[in-house]
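Worksheet: one structure, shown below.
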Amino acid sequence: MTARIGVVTFPGSLDDRDTQRAIRLAGAEPVALWHKDKDLHQVDAVVLPGGFSYGDYLRAGAISRFSPVMETVIEQAKAGLPVLGICNGFQVLTEAHLLPGGMLGNDHLHFICRDQKLRVENASTAWTSDYEAGQEIHIPLKNMDGRYVADQYTLDKLEAEGRVAFRYLDFNPNGSLNDIAGITNEAGNVVGLMPHPEHAVEPLIGSGRTDGLPFFTSILKKLVNA
């Protein structure tokens with residue numbers, strides 16, 4: 001049976017269709033989920049895509065966190081459902097307290113769009129198992145509020161427990177503490193990152209690389225082998 005991966009669309013989502021395409025390229029079935037619908041339609045995993053949900057009013061992700069669909073996502077994520085948050089989706093995950101810390105405006109106060117070099121720090125999560133720890137990859141980045149922050153206790157805990165999933169290399173594009181580009185929860189089923197792996201899944205579009213495809217093949221293999 002084909003694995004079904006839901007992609008939530010909020011008002012202002014930009015990359016939901018790109019994410020559905022990446023899921024399809026990996027060999028799974030993408031399922032469109034609407035923010036007002038609490039029903040996840042029996043999907044096996046969920047992606048919260050990039051964009052500017054609700055125009056980033058109040059704070060990026062602060063309103064989306066209270067969307068009806070998030071009630072179910074939060075409940076099932078705590079029960080083990082794999083959830084990936086990309087850019088705005090990462091912001092929503094921190095607002096929902098599925099991941100610690102928070103996102104603030106870039107330290108240079110400008111929107112940034114670039115091909116970003118990353119190092120894979122944790123290759124044992126549901127979304128990163130097709131990478132190798134220490135592997136260097138290039139993933140497109142585009143954000144205005146991409147600066148990851150947390151108190152020192154939280155940062156120390158993330159580092160000690162190996163929960164930093166990705167780290168910026170060569171250049172920190174937004175002032176994120178400890179060069180953090182993405183993190184995971186303790187169980188490894190919830191991952192959030194600011195760069196956009198869905199824009200690096202085939203050589204003819206996006207970055208021209210396929211460095212982002214392993215996100216989607218990782219979760220597919222986990223679901224198939226579960």
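The values are calculated or read from the model by the stated rules, or taken from the named source; none is laboratory data. None of the values given here were measured: they were computed from a predicted structure. Backbone-built Cβ (ideal geometry, glycine too); neighbour counts: all protein chains shown. Heads up: the accessible areas ignore ligands, DNA and RNA and are worked out on the full protein's heavy atoms, side chains in. Shrake-Rupley method; radii C 1.70, N 1.55, O 1.52, S 1.80 Å.
On the stretch given as region 169-183, residues that are open to solvent by less than 10 Å² (accessible area, probe 1.4 Å) and in contact with a helix residue (DSSP H, G or I) (Cβ under 9 Å, 6 or more places away or on another chain) total 3.
So, of the residues in region 16-51 that are out of contact with any helix residue (DSSP H, G or I) (no Cβ under 6 Å at 6 or more places or on another chain) and touching a residue at least 60 places away in the same chain (Cβ under 8 Å), which turns out to be least open to solvent (accessible area, probe 1.4 Å)? It comes out as Leu25.
Among the residues of region 189-220, those identified as charged (D, E, K, R) and either modelled with pLDDT under 95 or farther than 20 Å from Asn172 by Cβ (or both) are Glu198, Glu202, Arg209.
Among residues of region 54-69 that are at negative phi and assigned to a loop (DSSP other than H, G, I, E, B), those with a Cβ under 7 angstrom from a residue that is crowded, with 16+ Cβ neighbours inside 10 Å and among the β-branched types (Val, Ile, Thr), sequence gap 6+ or separate chain, pair up as Tyr57/Ile63.
Of all the residues that make up region 1-32, how many are in a loop (DSSP other than H, G, I, E, B) and of a type in the set (S, T, N, Q)? Looking only at that region, the number is 1. Among the residues of region 192-206, those identified as of a type outside the set (Val, Ile, Thr) and either open to solvent by less than 10 Å² (accessible area, probe 1.4 Å) or in contact (Cβ under 8 Å) with a residue 12 or more places away in the chain (or both) are Gly192, Leu193, Met194, Pro195, His196, Pro197, Glu198, His199, Ala200, Glu202, Gly206. Of the residues contained in region 63-72, none is found to be under 17 Å from the mean Cα position of the chain (by Cα) and under 18 Å from Gly212 (Cβ atoms). Of the strands (runs of 3 or more DSSP E) lying entirely inside region 87-188, those carrying at least 3 residues that are over 27 Å from Thr9 (Cα atoms) are 112-120.
Within the option set Thr125, Thr154, being hydroxyl-bearing (Ser, Thr, Tyr) and touching a Pro at 6+ places or on another chain (Cβ under 7 Å) holds for one residue only, Thr154. Look at Lys222 and say whether it is open to solvent by 10 Å² or more (accessible area, probe 1.4 Å) and touching a Cys at 6+ places or on another chain (Cβ under 8 Å). The answer is no for Lys222.
From the list Pro100, Pro140, the one residue that fits, being in contact with a His (Cβ under 6 Å, 6 or more places away or on another chain) and either open to solvent by 60 Å² or more (accessible area, probe 1.4 Å) or at negative phi (or both), is Pro140. Of the residues that make up region 113-127, is at least one open to solvent by 10 Å² or more (accessible area, probe 1.4 Å), modelled with pLDDT of 95 or more, in contact with a strand residue (DSSP E or B) (Cβ under 7 Å, 6 or more places away or on another chain) and closer than 17 Å to Val47 by Cβ? No: zero hits.
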